[in-house]
Amino acid sequence: MITTPLSQAKILLGVTGSIAVYKAADLASKLAQSGAKVNAILTKAATEFISPLTFQSVTGQPAYTDSDLWGAQAHVLHVGLAHEADLLLVAPATAHTMAKLALGSADDLLSLTALALGTGEGSSPLMIAPAMDAGMFSHAATQENLRILVERGAVIIGPEEGHLASGLVAKGRMTEPTEIIGHVRCQLARNGPLRDQQVVVTAGATQEPLDPVRFLSNRASGRQGFALAQAALDAGARVTLISGPTHLSPPIGAKFIRVRTAEEMRSATLDACQEANALLMAAAVADFRPSQQSDQKIKKIAGVPTMELTANPDILSEVKDQHAETAHPEVVIGFAAESQDLLANAQNKLKSKGLDMIAANNISAVDAGFAVDTNRVTLLHADGQQEELPLMSKAEVSAEIIQRLIRMLGEEHGS
Ligand code: CTP
């Protein structure tokens, strides 16, 4: 399994008395499956809904309740738990628990542990996923408590609009576990080697319309670009992901810009690159577009049409021109999709587009390239160095590329 910020992370999961606890068990299970060590702390009200044994079973780690506060093993349990934790996530968080946390009240194991976590620089983050009825959430008291918690550095996730236990459809539902995990992953990555670095990633294919229903495009799925965006986030970067149409969900934490045509991708990329430190240009930009775009659907009764094509702008070449004025991005990495003469063609693109590195892949291989989860790339560096990577998942390829990016940015910044 690929190493992510969740691997080996020590997470305290505070579980409070809301019906959303049934999702907290799934959350604990998914966190544990991602490699995290998860210790649940249940409030008394939570134990009315669910047993600590459930959390112990899905995490393989002790789950605690208030009864663990007393007894021979319990000496300053809360302090030990807080000091060991990389992060305290309270999910679901009831209005009552949020009020206690805002007040600094410490009358059960969870609130004691939250207090022992500390606040400010150097203390582990407190993350809160509220779950309650809409009226309780919008109540001025709850909102005031939230404000206080945010002011002290707590990260609030959700809640979402949706179906509530009361029958209302409104804001109060706990955010879904996979999304919460995305936010946790970002928090854990915040001090990574690319912190303070702005990374732009492009992904997917562009679509060049011919008429309102037809377009010219290519087979790129966007998976490599989305995996690169996640890997950059995992290294602590601020990420802008610019993608052509795709069904993939953008990684949590990335600023996502959806585009359609090469022209739209060009303007979004040039704009995002103004102050960026790095560009990873993984998109398969359509090289040509229909010269004429019909406002109405082209009818077959009019006969078989002929299509004249116009060249699209080469985005990387324009990024290079912009770099001459702005000195951004400091590092540009391109991708070469080739069906023949892989290394020679990639080498030409590396030079002509002024890249620091290019990842070349043979798109005719069945286990690499479009619409599969694996890729086999050769990395060509501007200084002539060549690295042939073995067959890997696109997530692993991304982690390798981000490792190179960290090194290149380090050299740029003289560290
Ligand atoms: N690229 C670009 N703008 C384009 C076309 C491609 O910025 N209009 C970028 C791609 O995102 C990729 C690199 O250039 O990082 C190489 O793309 P590729 O499609 O392999 O090559 P092309 O330059 O389009 O040349 P050809 O299609 O002739 O191989």
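The values are calculated or read from the model by the stated rules, or taken from the named source; none is laboratory data. Just so we're clear, the structure is a prediction, and the values are computed from it rather than from any experiment. Using ideal geometry, Cβ is built from the backbone for each residue, glycine included, and neighbour counts are taken over all protein chains shown. Only protein heavy atoms, including side chains, enter the accessible area calculation; ligands, DNA and RNA are left aside. Shrake-Rupley method; radii C 1.70, N 1.55, O 1.52, S 1.80 Å.
A few comments on the model shown:
- Between 121, 388, 84, the residue with the greatest mean-square fluctuation in the GNM of the chain (Cα pairs under 10 Å linked by springs) is 121.
- Shape index of the stretch 173-316: Rg/Rh, with Rg the Cα radius of gyration and Rh the Kirkwood radius from the inverse mean 1/r over Cα pairs, equals 1.09.
- MRE, 222 nm, helices only [DSSP H, n ≥ 4, -39500 (n - 2.57), over the chain, to nearest 500]: -10500 deg cm²/dmol
- Extents of the stretch 253-299, largest first, come to 47, 22, 17 Å (Cα atoms, principal axes, whole angstrom).
- Integer Hz, Karplus 6.51/-1.76/1.60 couplings in order for the stretch 80-93, x for Gly and Pro: x, 4, 5, 6, 7, 6, 7, 5, 10, 10, 9, 8, x, 10
- Using θ = phi - 60° and Karplus 6.51 cos²θ - 1.76 cosθ + 1.60, couplings along the stretch 54-64 (whole Hz; Gly, Pro as x): 4, 5, 4, 5, 7, 9, x, 10, x, 10, 10
- Lysines whose Cα lies under 26 Å from that of residue 44, excluding same-chain neighbours fewer than 8 positions away: 10, 23, 30, 100, 171
- Here the stretch 198-412 is assigned +1 on the Cβ of each Lys and Arg and -1 on the Cβ of each Asp and Glu. Its dipole about the Cα centre then comes out at about 820 debye.
- Given +1 at the Cβ of Lys and Arg, -1 at the Cβ of Asp and Glu and no other charges, the dipole of the chain around its Cα centre is 740 debye to the nearest 20.
- Under the convention that each Lys and Arg Cβ holds +1 and each Asp and Glu Cβ holds -1, the size of the dipole of the stretch 44-170 around its Cα centre is about 80 debye.
- Taking the 1.4 Å solvent-accessible surface of the stretch 198-412 as the whole, the part contributed by carbon and sulfur is 49%.
- Across the options 36, 323, 250, the greatest Cα extent toward the positive end of the charge dipole of the chain (unit charges at beta carbon of Lys, Arg, Asp, Glu) belongs to 250.
- Quick note on the stretch 44-131: its Rg to Rh ratio, both from C-alpha atoms and Rh being the Kirkwood radius, is 0.94.
- Cα gyration tensor, the stretch 198-412 - rounded (a/c under 1.5), prolate or oblate: prolate
- Tensor-based shape of the stretch 299-344 (alpha-carbon gyration tensor, a/c under 1.5 rounded, otherwise prolate or oblate): oblate
- Label-reachable residues, the stretch 177-218, where backbone N falls under 12 Å from a point 7 Å from residue 291's Cα toward its Cβ: none
- The GNM of the chain, with springs linking C-alpha atoms under 10 angstrom apart, assigns the highest mean-square fluctuation among 117, 241, 391 to 391.
- Taking only the C-alpha atoms of the chain, Rg followed by Dmax gives 25.2, 88 Å.
- Among 323, 78, 139, the largest mean-square fluctuation in a Gaussian network model of the chain (Cα springs under 10 Å) belongs to 139.
- Relative contact order (%) - the chain, alpha-carbon pairs under 8 angstrom, separation at least six: 11 percent
- Surface exposure of the chain, expressed per residue as accessible area with a 1.4 Å probe, stands at 48 Å².
- Whole-percent carbon and sulfur share, accessible surface of the stretch 1-62, 1.4 Å: 56 percent
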